[in-house]
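Since the structure comes first, as structure tokens, the remarks are kept for the end.
All of the numbers you see were taken from the coordinates with simple rules; none came from a lab. All of these numbers come straight from a predicted model, not from anything done at the bench. Here Cβ is always computed from backbone atoms with ideal geometry, including for glycine, and neighbour counts include all displayed protein chains.
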Amino acid sequence: MAPWAQQILDAANEHYDQAEYSLAQPYYEKLVQQGLRYPDVFNRLGVIYHLGGRLPEARWCFQQALEDNSGYLEAALNLTVTCNELGEYGSGVRTLERAQRQSDSSNDAFRRGKVANLHRALARAYIDLDRPEDAMHEFGRALRLCPKFHDIRLELAKLLRLRGNAHGAREELTLILQLDPAHQDARALLGVIEIETGDHRRGLRHLQAVIAQCADHPVARAYLDKADSDYQRAS
């Protein structure tokens, strides 16, 4: 890279890393206008355009990043989210799948984790778009790559509960606790679900077990306090 281009890139990255996107934008644009093709520049400029609501320009930037690096997973995810917001639901997903294949993630634990987190981010984007079925599908894809990512499984359980699928949520939480009995957030949510589905005694046992290990756990404490209040009113 020429010294002048490196200076512009350094200035752009410094502003970008400090979330000063309006200051970073003209630097990245200058690099693109000068015909320099760097996937990170296209991706970051695309993020800035996306944040500014300039979705077609963002899509173009992510496409350019992937043209130069077809395995660029972050750009593929950004393109997928942008295409979804533009109503182009299929094209972005296909791009993400191609990027996953290019990255050869199946043979590398680190890359599997990275891809799993990209699927989680995509699931969250689908939730924001009020598409819970697609979100659950993406959570499932993440967990097939990394079954021991309990935080992702917990998010899936929460979504299942919100969708009225207490049985499915219970199964996911039980699996977490089989692998990690000390996972207090999973146990607390399981206790809540047991109470909501009528098994108050079992639910309270789970919540009390959480409080025994974490006295200030907000979910367990709130439900136990409510249970005490209900008992006092009943007596």
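Couple of notes before you dig in:
- Fewest-first sequence of Cys146, Cys83, Cys214, Cys61 by Cβ atoms within 10 Å of each Cβ: Cys214, Cys146, Cys83, Cys61
- Full extension of the chain between Gln34 and Ala11 gives 6.7 nm of extra length, using 0.36 nm per residue less the Cα-Cα distance.
- Of Arg153, Arg187, Arg54, the residue with the greatest mean-square motion in the GNM of the chain, using alpha carbon springs below 10 Å, is Arg54.
- Put in order of Cβ neighbour count within 10 Å, fewest first, the listed residues Arg161, Arg59 become Arg161, Arg59.
- Which labelled figure in (1) 33, 18, 16; (2) 40, 18, 15; (3) 44, 19, 16 is semi-axes √(5λ) of the Cα gyration tensor in Å, once derived from the coordinates: (3)
- Here the calculated FRET efficiency for Ala182 and Arg221, from their Cβ-Cβ distance with R0 = 22 Å, stands at 0.80, rounded to the nearest 0.05.
- FRET efficiency, 1/(1 + (r/R0)^6) with R0 22 Å, evaluated for Arg201 and Glu171 via beta carbons: 0.60
- CD proxy at 222 nm, helix term only [per DSSP H run n ≥ 4: -39500 (n - 2.57); per residue of the chain; nearest 500]: -26000 deg cm²/dmol
- By the beta-carbon count within 10 Å of each Cβ, the least crowded to most crowded order of His150, His167, fewest first, is His167, His150.
- Distance in nm between pseudo-label sites at Leu129 and Leu162 (7 Å out along the Cβ direction from Cα): 1.6
- Rounded to 10°, Cα long-axis angle of helix 109-128 versus longest principal axis of the chain: 80
- By the rule of a C-alpha distance below 16 Å, with chain neighbours fewer than 8 residues away ignored, the aspartates and glutamates paired with Lys148 are Asp108, Glu138, Glu171, Glu172, Asp180, Asp185.
- Label-point gap, in nm, between Glu67 and Leu23 - each point 7 angstrom along Cα→Cβ: 3.1
- 27 Å Cα-Cα reach of Lys226 towards lysines, excluding residues that sit fewer than 8 places from it in its own chain: Lys158
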